[in-house]
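Just so you know, all these numbers are worked out from the coordinates, no wet-lab data involved. Keep in mind that this is a model prediction, so the values were computed, not measured. As a convention, Cβ positions derive from the backbone with ideal geometry for all residues, glycine included, and neighbour counts pool all protein chains shown.
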Amino acid sequence: MLGAWSRWRETWGTLAGLAGLGTAVALAAALLSSGPTEPELPGPRTAVRVQVQTETEREAVRTVMLDLWSDSDTGTALDVVLDAQGIDALRERGIGFEVLVPDIDAVAEAERARIEAAEIARPGNWFSEYRDYETVDAYLDVLAARRPDLARVEQLGVSTNGRRIRALRLSAAEGEAKAIVLNGGQHAREWISVMVSTCVADRMVSGYDTDPRIRTVLDERVVWVAPVINPDGYVHSWESDRYWRKNRAEPYGVDLNRNWSVGFGGRGSSSNRRSQIYRGPHAFSEPETRALRDLITREPVVAHVDFHSFGQMILYPWGHTKKPAPQRDRFAALGDAMASAIAATHGERYKLMSAAELYAAGGTALDWSYEEGGAFGFTIELRPTGGSGFVLPPEQIGPTCDEGLAAVLALAERVD
Ligand code: 0X9
Ligand code: ZN
């Protein structure tokens, strides 16, 4: 399941291992096996948090970065992936940085090995480890079978490569009831968003009889949970490239969270097909965004939470413009209640701000949910704040789920 980069590193890792026998031997082996044009032994890909003081410095970072993990328009911190030359370039320019992950491929490889070992051991708790697309999708049926009176599975659409996009519909309400939509996995590498969505659904199913707050929400509302909105990307992240972000549309994928119609084509999105924030040829060009859009259009949705990682933030509209949204104060009050509820579970702080305050981005889900879907649309960036980035230790799935559930309940209790 290694990506092209990892395979390349593996080959070179083997060759480098030979260096213990003498550099000359390793060099000879390299020449014999792959010819004299082989690139130099790559250093690790390192994730760093860079402190930029000026636009020129920001531009310099953009020129050398291999990937952007999280952006910021106003703040000075950028999380980027660099190789050894990139690190040197920062040092030469005197740009300050702090290492988040010294070797992101080593971390991904360790995660893969751990999951493989866990599969062999088959632990009892489903949320003790990350789960792949098929396992998550099948788990929706398990939850529905556990409480057919509360839960049923519905197909929302089919992905670019033919995988089904499904959601769990949870409710004990009789007749027409307002809906709350939760989704994870717009971005393939943000595995915790998939686990938290699934786990929130699980907690609601198992807590209906025992937790009066869950009971009230499900008695009065319909909660839709779609854990994997981007199945092809998620499978690719598991099987080939842990840090894949987009869907798998040919040739380089589309960033689903730039493919929505509100502010489509605006700042913070790209028309370059190779870009990590490529918006696609037109709004809703992708079956994955259409599937979620159609659900929100057809149901009377009052709130939508789009789970992402990482950064520990609660973001509200607008995302495409720094102008305040019409109900900005209401959003801030709802977000504040969510942040307090989160802090009450494990003491973690989630920062609250409008999405564009973080950085402007056109074509994102929360703006569409608000303007076109008529719902209070939020993006929640889950754990961690920085640290390991997208590869979050599995011991944190449970606590992060506590935070997700606390936020969702706080929101559900306050919207009508
Ligand atoms: O860039 C995104 O799509 C989201 N962040 S992530 O690191 N998970 O990719 C945040 C989108 C929030 N919207 C704006 N910042 N406008
Ligand atoms: Zn994301």
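Distance distribution note for region 216-304: the fraction of Cα pairs above 22 angstrom is 35%. For region 182-335, the pair-distance distribution built from all alpha carbon pairs, in bins 5 Å wide starting at 0, is 2, 9, 15, 19, 21, 16, 10, 6, 2, 1, 0 percent.
Relative to the current alpha-carbon distance between MET353 and THR385, full extension at 0.36 nm per residue lengthens the span by 10.0 nm. The simple spin-label model puts a point 7 Å past each Cα toward its Cβ; for SER72 and GLU413 those points are separated by 3.2 nm. According to the Kirkwood relation over distinct C-alpha pairs, the hydrodynamic radius of region 173-220 is 12.1 Å.
Scattering from region 297-416 was approximated by placing one identical point on each alpha carbon and applying the Debye formula without solvent; log10 I(q)/I(0) at 0.12, 0.18, 0.21, 0.22 1/Å stands at -0.40, -0.90, -1.18, -1.26.
The packing ranking, built from the mean of other Cβ atoms within 10 Å per residue, places the peptides 51-58, 383-390 in the order 383-390, 51-58, highest first.
In the chain, a dipole from Cβ-located charges (positive for Lys and Arg, negative for Asp and Glu) runs towards its positive end, and of GLN327, THR46, SER354 it is GLN327 whose Cα lies farthest in that direction. Projecting the Cα atoms of ALA177, PHE310, LEU90 onto the charge dipole of the chain, computed from C-beta unit charges around the Cα centre, puts ALA177 farthest toward the positive end. If you wrap the chain in the convex hull of its Cα atoms and look at it from every side, the mean projected area works out to 21.6 nm². When the chain is treated as a Gaussian network with alpha carbon springs shorter than 10 Å, the biggest mean-square fluctuation among VAL254, VAL107, VAL48 belongs to VAL107. Among PHE378, PHE127, PHE307, the residue with the largest mean-square fluctuation in a Gaussian network model of the chain, with springs joining Cα atoms closer than 10 Å, is PHE127.
Considering only GLY373, GLY175, GLY184, the Gaussian network model of the chain with Cα springs below 10 Å gives its largest mean-square fluctuation to GLY175.
Label sites at ALA113 and HIS346, each approximated as a point 7 angstrom past Cα along Cα to Cβ, lie 2.5 nm apart.
With Cα atoms defining each centre, region 380-414 and region 318-367 are spaced 15 Å apart in the structure.
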